[in-house]
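Peer 1: I am attaching a structure below and will ask some questions about it afterwards.
Quick note: the coordinates plus some simple rules give every number you see, no bench work behind them. Since this is a predicted model, take the numbers as computed values, not measurements. Methodologically, a virtual Cβ is constructed for each residue, glycine included, from the backbone with ideal geometry; neighbour enumeration extends over all protein chains shown.
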Amino acid sequence: MEQVIKVRGLKKFYGDFKAVENLDLDVYRGDVFGFLGPNGAGKSTTIRMLLSLIKPTEGTVEIFGKNLTEDRNFILSKIGCIVEKPDFYKYLSAKKNLELLAGVSGVHVTGKKIDELLDFVGLSGRGNDFVKTYSHGMKQRLGLAQALLHDPELIILDEPTTGLDPQGIIDIRNLILYLSKEKGKTVFLSSHILSEMELIATRLAIINKGKTVAQGELNVLLNDDNRVVRLKANSLEKAKAIISNSSWKEKYIGVENDEITFHLHYNEIPELNRYFLLNEVDVYSIESRRQLEDYFLKLTESSERMMGR
């Protein structure tokens, strides 16, 4: 399998602050690679280093088998990207913006090609409108069109669905899937929403405080063999007592926020529920999450609490 991105020991320090620390990444051709982490985890800093917008403190980046420092121009000619919020000349039309951006990049595009791109991203009929009349979602779509002007092999998108309404998120998701499955593009996609990545990613990495905490194929990381199951019952003490005298004690984690917690396979959930009912313990609610999902949510919640201080 051809490796498109290979990152080893990547670090970025700002004085004593470690934005990225010892990061390793492996992205293969055809991947939709989900790059996840709570806000402030180091995702945008990493993407800027992948695009050589900032220099790493230490570490190596290889893209298309070439060193980014030594073959920067060759590598960047094969990459399309959206870094955070795309920006355009507001008093020019979408078409004129794309023409200018193509010219600055040294890319020759015809009017027909621009119309096709605008149609592809869902802006058909709006190409002659000034960008100042565009909504946030439309600017995101135009940003994707700009990233595709030179037909790149690798597309890097930094939080492309931020601020979009539910339909806008679905549209961007479908565009990414089309680029991957129908056009054979490799997509590196940053996000802080695991549930969204679950719908489109083939592989993913989760980082926190600049470090990789999980990486691999989606179907391996998000499997049903190891779920965190929380339930509420009418009597915690009775529930704990019957668990201690059964085979379920091997799956039992403990009690947190008045919820009894287990590590279970998905198929074991109804069996546990039946066991409690047979032992006259009423179950009020059951919540099931994959262990990685539960871990990721804890990371996100912890980050949000810190930011709220």
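Peer 1: Can you tell me which residue among Gly34, Gly59 is more than 22 Å from the chain's Cα centre (by Cα), buried (at least 16 other Cβ atoms within 10 Å of the Cβ) and either over 28 Å from Val109 (Cα atoms) or without any contact (Cβ under 8 Å) to a residue 12 or more places away in the chain (or both)? Reasoning before the result, please.
Peer 2: Numbers: Gly34 fails: more than 22 Å from the chain's Cα centre (by Cα).
Only one candidate passes the filter, namely Gly59.
Peer 1: Same structure again: Among what's in segment 111-128 and is within 25 Å of the chain's Cα centre (by Cα), of a type in the set (A, V, I, L, M) and not in a loop (DSSP other than H, G, I, E, B), pick the residue that is nearest to Gly163 (Cα to Cα). It would help to see each step written out before you state the result.
Peer 2: Pass one, segment 111-128, residues within 25 Å of the chain's Cα centre (by Cα): 117-118, 120-123.
Still in the list and also of a type in the set (A, V, I, L, M): 117-118, 121, 123.
Subsequent filtering for residues that are not in a loop (DSSP other than H, G, I, E, B) retains 117-118.
On the way: Leu117: 22, Leu118: 21 Å.
Only one residue fits best here, namely Leu118.
Peer 1: What number of residues in segment 144-166 are over 18 Å from the mean Cα position of the chain (by Cα) and either outside any helix (DSSP H, G or I) or without any contact (Cβ under 8 Å) to a residue 60 or more places away in the chain (or both)?
Peer 2: 7
Peer 1: If you don't mind, another one. Output the number of residues of segment 197-227 satisfying the condition of being out of contact with any strand residue (DSSP E or B) (no Cβ under 8 Å at 6 or more places or on another chain) and β-branched (Val, Ile, Thr). Working first, answer last.
Peer 2: Pass one, segment 197-227, residues out of contact with any strand residue (DSSP E or B) (no Cβ under 8 Å at 6 or more places or on another chain): 198-199, 208, 219-220, 225.
Filter once more, keeping what is β-branched (Val, Ile, Thr): 220.
Going through segment 197-227 one residue at a time, the tally reaches 1.
Peer 1: Here is a check on your reading of the model: is Lys209 over 30 Å from Leu148 (Cβ atoms) and either surrounded by 15 or more Cβ atoms within 10 Å (Cβ to Cβ) or of a type in the set (Phe, Trp, Tyr) (or both)?
Peer 2: On the way: over 30 Å from Leu148 (Cβ atoms): yes; either surrounded by 15 or more Cβ atoms within 10 Å (Cβ to Cβ) or of a type in the set (Phe, Trp, Tyr) (or both): yes.
Against the criterion (over 30 Å from Leu148 (Cβ atoms) and either surrounded by 15 or more Cβ atoms within 10 Å (Cβ to Cβ) or of a type in the set (Phe, Trp, Tyr) (or both)), Lys209 qualifies.
Peer 1: Another one. Give the number of residues within segment 129-143 that are assigned to a helix (DSSP H, G or I) and more than 27 Å from the chain's Cα centre (by Cα). Can you show your working first?
Peer 2: First, the residues of segment 129-143 that are assigned to a helix (DSSP H, G or I): 131-133, 136-143.
When the remaining residues are screened for being more than 27 Å from the chain's Cα centre (by Cα), the result is 131-133.
Number satisfying all stated conditions: 3.
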